[in-house]
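The values are calculated or read from the model by the stated rules, or taken from the named source; none is laboratory data. Quantities reported herein were computed from a predicted structural model and do not represent experimental measurements. In this analysis, Cβ positions are derived from the backbone assuming ideal geometry, glycine residues included, and neighbour counts consider all displayed protein chains.
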């Protein structure tokens, strides 16, 4: 096949699928007149009309429909082969599936997306949210970000955020009407924003520890949800007290929009670890994601 013949076939397929010379030209980055000449040359060479043309529409003829049916998959396959040929043999490529809690996605994964797409243009990162990833390998995931206390023994675990410290915060407007708690027991007299494990799930109990003394509180208030953004916005609006990972509230605390209380009672917990199956070599694309997350954690 001559180069000109391939161009004619590509032009015809683009016009027939778009049903418009103008739209097809825009997709290919060519002038409509160039496509018109190419399609006309193909029709002359085949000795049959391939497109019905009017001033308002373009549609394949019966012969054009038959040609398009066989041509479209062939062109798609050819474009895939050409794309692979243009990919450097040593460049990571392929899809990497990652499952992680929302907090990990927000703090560790989201800041990387722009750099990943620039540095690894042939890698697709498929991210799924799961607050408690379990048997992620069986579910078809390559990588998972999990809390340190939930890691299976047969997993490789790379620390990303070694420890989390909790915080209880409220807005200045809230504390203008309610005296700040000085011990966890004081929370029984406060409006608290509850966090549950999912729709209809039980509420998390607020845990505290100081000098070896542990206190667990069942709190109540006007709102309970599993959405961290809704909880934080409610706290900022003065709806009640929020209890969660300190990192999420740091900026608002620094700006004076939230006030932290019970800091001396706030314990820490095992943080996020990046996990993958032990004894199995990582594909280059997965290794690229692992290295990027490790670098992000060092600078977090």
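Structural remarks
- Members of region 91-103 found to be modelled with pLDDT of 90 or more and within 12 Å of the chain's Cα centre (by Cα), listed by number: 96, 97, 98, 99, 100
- When the criteria are applied in full, residue 61 fails the requirement of being under 30 Å from residue 275 (Cα atoms) and either at pLDDT below 85 or not assigned by TED's automatic domain parsing to the domain that holds residue 294 (or both).
- Of note, residue 208 does not satisfy the criterion of being more than 23 Å from the chain's Cα centre (by Cα), part of a helix (DSSP H, G or I) and either surrounded by 14 or more Cβ atoms within 10 Å (Cβ to Cβ) or in contact (Cβ under 8 Å) with a residue 24 or more places away in the chain (or both).
- Residue check, residue 106 at pLDDT below 90 and either more than 26 Å from residue 206 (Cα to Cα) or surrounded by fewer than 19 Cβ atoms within 10 Å (Cβ to Cβ) (or both): yes
- Yes/no for residue 229 being free of Cβ contacts under 8 Å to residues at least 24 places away in the same chain and over 17 Å from residue 266 (Cα atoms): yes
- When residues of region 246-258 are limited to those that are in contact with a strand residue (DSSP E or B) (Cβ under 6 Å, 6 or more places away or on another chain) and surrounded by fewer than 18 Cβ atoms within 10 Å (Cβ to Cβ), the one nearest to residue 175 (Cα to Cα): 253
- Of all residues in region 224-235, those that are surrounded by fewer than 16 Cβ atoms within 10 Å (Cβ to Cβ) and either assigned to a loop (DSSP other than H, G, I, E, B) or over 27 Å from the mean Cα position of the chain (by Cα) (or both) total 1.
- Selection of region 246-290 for residues being in the same structural domain as residue 215 (by TED's automatic domain parsing), in a helix (DSSP H, G or I) and touching a residue at least 24 places away in the same chain (Cβ under 8 Å) yields 246, 247, 248, 249, 252, 253, 263, 264, 265.
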